[in-house]
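Undergrad: Would you mind keeping the following structure in view while I ask a few things?
The values are calculated or read from the model by the stated rules, or taken from the named source; none is laboratory data. Values in this document were obtained by computation on a predicted structure and should not be read as measured data. Don't worry about glycine lacking a Cβ; one is built from the backbone with ideal geometry, like all the others, and counts go over all protein chains shown. What goes into the accessible areas is simple: the full protein's heavy atoms, side chains included, and nothing from ligands, DNA or RNA. Shrake-Rupley method; radii C 1.70, N 1.55, O 1.52, S 1.80 Å.
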Amino acid sequence: MIFPIELDEVTKAILQRMITHKREWEDMKKRMKWSFILFLFSLALFGLYIYQTVVIPNHSSTERMIVAAIDDERIFWFTAFVGSLGWFVSFCKKKSDKAEQDFHALRCEFIQKSSELLEKRTWEKRHVLYEWMKETYDITLYHENK
């Protein structure tokens with residue numbers, strides 16, 4: 001990776017790790033978003049299926065609705081599928097939160113130690129590096145707030 005200013009190997013490695021963590025976090029956010037959309041879509045289909053096969057034909061009796069739902073094997077498999085999608089959404093959310101925490105911890109550590117990491121001549125040109133990181137990777141190194 002080529003940075004806009006001359007950096008030592010340690011600083012380059014930290015910045016490259018930060019970029020990698022940012023990409024992982026963005027990937028996990030995308031996975032979580034799409035799995036949640038799939039979960040909602042399948043939940044809507046499941047509700048529609050229940051309504052069409054259980055509620056409409058047996059609307060006169062709650063007991064008949066329950067018996068019809070228990071007798072239909074597809075409801076069991078649909079429930080298992082929707083439940084596993086719900087679990088996957090929860091799993092992706094936890095992984096996304098963890099990736100976000102890792103990224104922000106690394107970013108804050110760099111910000112706190114930037115005066116030590118950047119040499120005297122590099123310190124004066126740090127704004128070029130900070131702007132480049134913001135424009136290229138959407139990583140803000142000016143302050144610790146998200």
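Undergrad: State all residues of the range 130-145 that are touching a helix residue (DSSP H, G or I) at 6+ places or on another chain (Cβ under 8 Å) and among the β-branched types (Val, Ile, Thr); if no residue qualifies, say none.
TA: 139, 140
Undergrad: Could you check how many residues of the range 100-113 are farther than 12 Å from residue 18 by Cβ and touching a residue at least 12 places away in the same chain (Cβ under 8 Å)?
TA: Selection size over the range 100-113: 2.
Undergrad: Filter the range 8-67 for residues that are more than 35 Å from the chain's Cα centre (by Cα), surrounded by 12 or more Cβ atoms within 10 Å (Cβ to Cβ) and not in a loop (DSSP other than H, G, I, E, B) and give the result.
TA: 53, 54, 55, 64, 65, 66, 67
Undergrad: While we're here: State whether one or more residues within the range 96-119 are open to solvent by 60 Å² or more (accessible area, probe 1.4 Å), of a type in the set (D, E, K, R) and assigned to a loop (DSSP other than H, G, I, E, B).
TA: Taking every residue of the range 96-119 in turn, at least one turns out to be open to solvent by 60 Å² or more (accessible area, probe 1.4 Å), of a type in the set (D, E, K, R) and assigned to a loop (DSSP other than H, G, I, E, B).
Undergrad: Anything in the range 31-62 that is aliphatic (A, V, I, L, M) and farther than 30 Å from residue 92 by Cα? List them, or say none.
TA: If the condition is that a residue be aliphatic (A, V, I, L, M) and farther than 30 Å from residue 92 by Cα, then 54, 55, 56 are the ones that fit.
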